[in-house]
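The values are calculated or read from the model by the stated rules, or taken from the named source; none is laboratory data. Owing to the predicted nature of the structure, the values given are computational and were not obtained by experimental measurement. Cβ: placed from backbone, ideal geometry, glycine included. Neighbour counts: every protein chain shown.
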Amino acid sequence: MKKYIFYFLIFPIIVSAQINESDSLKVKASLSVTGLWQSGNVETLILRGRTDFSVRPWKKWVFKNTNSYVYQAFDKNKADSDFLSLNFLYFNPEKRFYPQVLGFISTNFRREIVQRYLVGAGGTYQIIQGEKSWLKASLTFEFEETDFRRDVFNRPQFNGNNIIDTFRSTIWISGKYELFKKKVILKHQSFYQPSLEDSDNYRWQADLSAEFPVWKHLSFKINYLRTFESVVIQGQEEEDEFLTFGFTLKSF
C-alpha cells in the first residue's frame with residue numbers, strides 16, 4: 001500500500017474533479033479525497049483519492065493526467081489496494097472533434113492484477129460545448145496486456161497463462177453540469193471496453209459524482225463508482241461498487 005500512496009502523492013498534485021481538456025487555462029489541477037470509516041463490532045475503512053492535472057506544453061496540445069487510488073479494509077484486513085494512472089495527449093481540444101493518444105497503467109489487489117498497461121489512440125466529439133456544462137463522447141482503440149498472479153479464471157478458455165493480451169476498442173462518455181447557480185455540480189465518466197479478439201473479454205465502468213461548493217476552491221463531494229470485468233480469477237465476483245463521501249480541492 002505504501003508504494004502506491006507514494007505514487008499518488010508525487011504525481012501531478014501541484015495545487016491539488018474532473019478536468020475539461022478543452023478549457024483555455026494553461027495549467028489546471030485538482031485533488032479529491034472521499035472515504036468511509038466505521039468502528040465497533042466491525043471496523044471498516046474505505047478510502048478513495050484522485051488527482052487531475054492538465055497542462056498546455058504547446059499552443060495546440062494538451063496533456064492530461066488522472067491518478068486514482070482505492071483502499072479498503074475490514075477488521076484491518078486489506079481487501080482493496082488499487083492504483084490507476086490515465087494519461088492523454090490531445091491535439092486542438094477546442095475543436096468540436098479532436099484526436100488523442102493515451103496510455104494507462106494500473107494494479108488491482110482484489111483481482112490479483114500485478115500490472116496492466118494499455119496504449120492506443122482515437123478521437124473525441126464534443127456533443128455539448130460550454131464552460132459551465134459539457135458532454136463528450138470518445139472512441140479509441142488500444143493494445144492491452146494484463147499480468148495476473150494466477151492462471152485459473154472464471155472463463156476456462158483463458159486458463160493456463162497468467163498474462164492476457166488483446167486489442168480493444170473503448171467507448172467513453174463524460175460530462176459536467178452546473179445546476180442551481182453552481183450550487184450543485186454533477187459529473188460523470190463512463191466507458192465500455194470490449195476485446196476486438198474475444199467477445200467474452202470485456203469490461204465497463206461508471207464513475208458518478210455530485211459536488212456542493214463550500215467556497216471557490218473547495219467542494220463537498222459524494223462519489224459512486226461501479227466496475228465490471230468479465231475475466232477474473234476463479235471464485236471472484238465480476239462486479240464492484242463504492243459509495244464514498246469527502247472533499248475536492250482545485251486550483252481553478
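So in the stretch 107-127, with the set limited to residues that are buried (at least 18 other Cβ atoms within 10 Å of the Cβ) and within 15 Å of the chain's Cα centre (by Cα), which one is modelled with the lowest pLDDT? By that ranking, first place goes to 108.
Just so you know, in the stretch 223-248 the residues that are charged (D, E, K, R) and surrounded by 14 or more Cβ atoms within 10 Å (Cβ to Cβ) include one that is farthest from residue 45 (Cα to Cα), and it is 229.
If the condition is being of a type in the set (Ser, Thr, Tyr) and within 25 Å of residue 33 (Cα to Cα), then the stretch 159-191 contributes 174, 177, 190.
Taking the stretch 212-252 on its own, how many of its residues are under 30 Å from residue 159 (Cβ atoms) and aromatic (Phe, Trp, Tyr)? Residues flagged as under 30 Å from residue 159 (Cβ atoms) and aromatic (Phe, Trp, Tyr) within the stretch 212-252 amount to 2. Selection within the stretch 82-106: residues that are crowded, with 19+ Cβ neighbours inside 10 Å and among the polar types (S, T, N, Q). The member of this set that is nearest to the chain's Cα centre (by Cα) is 85. Could you please let me know if residue 83 is farther than 24 Å from residue 232 by Cβ, aromatic (Phe, Trp, Tyr) and part of a strand (DSSP E or B)? It is false that residue 83 is farther than 24 Å from residue 232 by Cβ, aromatic (Phe, Trp, Tyr) and part of a strand (DSSP E or B).
All of 148, 180, 153 fail the test of being crowded, with 17+ Cβ neighbours inside 10 Å, more than 22 Å from the chain's Cα centre (by Cα) and of a type in the set (A, V, I, L, M, F, W, C), apart from 153. With the condition kept exactly as written, say whether any residue in the stretch 150-158 is within 30 Å of residue 250 (Cβ to Cβ) and touching a Gly at 6+ places or on another chain (Cβ under 8 Å). No, the stretch 150-158 contains no residue that is within 30 Å of residue 250 (Cβ to Cβ) and touching a Gly at 6+ places or on another chain (Cβ under 8 Å).
Candidates are the residues of the stretch 48-74 that are aliphatic (A, V, I, L, M) and buried (at least 21 other Cβ atoms within 10 Å of the Cβ); the one that is modelled with the highest pLDDT is 62.
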